[in-house]
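A.B. asks: Would you mind keeping the following structure in view while I ask a few things?
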Amino acid sequence: MALRYALLASLLALSLGCDSFPNGTDHAFHWWSCGAADGVSVSAVRPVNPDGSPQYPVRLDQDLHIAVDLVNNNRVFSKLSLDVTVWTWSGFFKCGWKQIPTFGLLEDLDACDMSLTCPLKTGSGPITVKLPFSKYGIIIRLLKNNAPYQLKYELSDENGNVAYCLMAQTRALTK
């Protein structure tokens with residue numbers, strides 16, 4: 001009888017727990033577009049070290065560099081703002097992405113000042129976006145190390161219209 005309860009408890013524990021790294025984030029960076037202005041598209045997104053070499057898992061305790069293959073056939077964007085949203089993977093009975101409160105620290109950032117070379121001209125080509133997470137150590141130190149995170153980067157023009165939105169799921173180191 002005790003063996004049956006032990007087996008039942010083991011099966012329940014397996015069925016109720018979350019995968020440590022969903023969607024293969026233990027070994028690969030995943031991204032997709034969540035919106036864009038007409039004529040703006042991205043064909044590749046890769047986390048890289050400052051020298052351009054691949055970086056995985058990503059490090060959130062340092063500035064994050066993202067190589068992006070961008071096409072802008074819309075217009076020149078002279079001013080862009082950036083909103084960053086962060087989720088962590090967790091749950092017991094229901095696994096899922098839970099938003100991490102950042103208390104406005106990662107909202108309405110001047111993307112041209114901190115991460116992009118502006119104006120963002122028309123045409124296509126690779127660009128490297130720098131996200132200065134090292135400035136936000138107060139938030140980063142609270143995050144679990146070596147864990148899956150989902151990030152949303154939303155660039156908006158001077159009128160508040162979305163120029164490009166990117167979602168990414170990644171394994172991240174915070175220490």
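A.B. asks: Has segment 39-58 got at least one residue that is among the acidic types (Asp, Glu), free of Cβ contacts under 8 Å to residues at least 12 places away in the same chain and over 15 Å from Leu131 (Cβ atoms)?
C.D. replies: Yes: one or more hits.
A.B. asks: Please enumerate the residues belonging to segment 137-175 that are surrounded by 18 or more Cβ atoms within 10 Å (Cβ to Cβ) and part of a helix (DSSP H, G or I).
C.D. replies: Of everything in segment 137-175, those that are surrounded by 18 or more Cβ atoms within 10 Å (Cβ to Cβ) and part of a helix (DSSP H, G or I) turn out to be Ile139, Ile140.
A.B. asks: Continuing with this model, one more query. List, please: which pairs have Cβ atoms under 6 Å, are six or more places apart or on different chains, and start with a residue in segment 146-166 that is at negative phi and end with one that is assigned to a loop (DSSP other than H, G, I, E, B) and surrounded by 16 or more Cβ atoms within 10 Å (Cβ to Cβ)?
C.D. replies: Pro148/Phe21; Pro148/Thr25; Leu155/Leu80; Ala163/Ala37; Ala163/Asp157
A.B. asks: OK, next. Does segment 112-129 include one or more residues that are of a type in the set (Val, Ile, Thr), modelled with pLDDT under 95 and in contact with a helix residue (DSSP H, G or I) (Cβ under 8 Å, 6 or more places away or on another chain)?
C.D. replies: no
A.B. asks: Related question: Look through segment 99-132, keep the residues that are hydroxyl-bearing (Ser, Thr, Tyr), free of Cβ contacts under 8 Å to residues at least 60 places away in the same chain and within 20 Å of Gly39 (Cα to Cα), and return whichever of them is surrounded by the most Cβ atoms within 10 Å (Cβ to Cβ).
C.D. replies: Thr122
The values are calculated or read from the model by the stated rules, or taken from the named source; none is laboratory data. Given the structure is predicted, the values throughout are model-derived calculations rather than measurements. Backbone-built Cβ (ideal geometry, glycine too); neighbour counts: all protein chains shown.
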